[in-house]
Amino acid sequence: MTATVAYYLSQHPSIVTFRWSHTQSWGSTWSFLVISIAVYLALSSLLHLILFLFVKRGSRPAPLALVQALHSLIMSIISAVIFTGILFSAAAEINETRWFWRRSKTPFQWLLCFPLGTRPSGRVFFWSYIFYLSRFVHMLRTFFVIFQNRKLTVFHLFNNSVLTIMSFLWLEFSQSFQVLAILFTTLVYSAAYGYRFWTEIGLPRACFPFVLNCQIVLLSCNVVCHVGVLMLHIMKGGCNGIGAWVLNSVLNGISLLLFLKFHVQVGNKLRLRKLSKFYN
């Protein structure tokens, strides 16, 4: 059973021979990335504006619970498949290429820091490409949130756009750190979306903010790994795609600041509500 799964997730010819190409890979051009992000931002803002102008406050939200639950289930499954696929693929790549870099790096260091000259081809980059495509499926949740809650935040739009841009840069510049980033992200997403599916079909919620804790764990792991990439780049003679990594780090930093600002504001509002209920 394990051998069969390993074959279809890491040894299949279409995975082994994959190559990121502007002419052969769908969605691989800069123009596609820019246009898709612009369309996403425009449609989200337009939908929010239409609902704000023409739908009365306090009216019942659109009945999308079943669609939301289905989307959460699909995203959880996709994330679990990508996690398993890139895990098997990374193990296979390490086993086959260790002779080339074993004198200068350990397998964990290879996960953080690709050797200079690494090309975007092979197993790992196939799953990186699938992760990039899954970002567009993930974006659909924005429209569900707008329909259900009639709310749209800068953090939500920026975070989704940044993650899509970063996943494109990983492929375009064979950026270091992407394997661990995808492993962490898909593991957290599979758990978070699985929990959302659980609650959206009417099952009991956790006694703590599960999704928020997942986001905090993911951001913490990313910060630690970014520090590791910088240290290896300085100490081991360079990591591939370091220019894209710098941009990635800046975007991650902005996203982290917006995340903290957003949740501090939400926490303050909740505390104010509790105080008003207490004194009233």
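Things to note:
- With contributions of -39500 (n - 2.57) from each DSSP H run of at least four residues, the per-residue ellipticity at 222 nm computed over the chain stands at -25500 deg cm²/dmol.
- Long-range Cα-Cα pairs in the stretch 1-150 (distance over 17 Å), rounded percent: 71 percent
- For the chain, the tally of Lys pairs with Cα-Cα distances below 15 Å comes to 4, considering only residues 8 or more apart or on different chains.
- Extension gain, Met1 back to Phe136 (0.36 nm per residue minus Cα-Cα distance, nm): 45.5 nm
- Translational diffusion of the chain, µm² s⁻¹ [Kirkwood Rh, Cα pairs; Stokes-Einstein; 20 °C; 1.002 mPa s]: 104 µm²/s
- Mean separation of Cα contacts under 8 Å (6+ apart) over length of the chain, as relative contact order %: 28 percent
- Of Met139, Met231, the residue with the largest accessible area leads and the full order is Met231, Met139 (1.4 Å probe).
- Relative pair counts by distance (%), Cα atoms of the stretch 185-243, 10 Å bins: 20, 33, 22, 15, 9, 1
- The ratio of the alpha-carbon radius of gyration of the stretch 1-71 to the globular-protein estimate 2.2 N^0.38 Å is 1.88.
- Mean accessible surface per residue for the chain, computed with a 1.4 Å probe while every protein chain stays in place, in Å²: 56 Å²
- The stretch 92-236: projected area of the alpha-carbon convex hull, averaged over directions, in nm²: 10.3 nm²
- When +1 charges are put on Lys and Arg Cβ atoms and -1 charges on Asp and Glu Cβ atoms, the dipole computed for the chain relative to its Cα centre reaches about 1000 debye.
- Sulfur and carbon atoms: percent of accessible area, the stretch 114-188 [1.4 Å]: 70 percent
- Here the extension length gained between Arg19 and Cys207 equals 63.2 nm, from 0.36 nm per residue of separation less the Cα-Cα distance.
- Once the C-beta distance of Thr199 and Ile74 is scaled by a Förster radius of 22 Å, the resulting FRET efficiency is 0.85 to the nearest 0.05.
The values are calculated or read from the model by the stated rules, or taken from the named source; none is laboratory data. Source: prediction; values computed, not measured. Heads up, the Cβs are rebuilt from the backbone with ideal geometry, glycines too, and the neighbour counts pull from every protein chain shown. Protein only, heavy atoms only, side chains kept; ligands, DNA and RNA dropped before computing areas. Shrake-Rupley method; radii C 1.70, N 1.55, O 1.52, S 1.80 Å.
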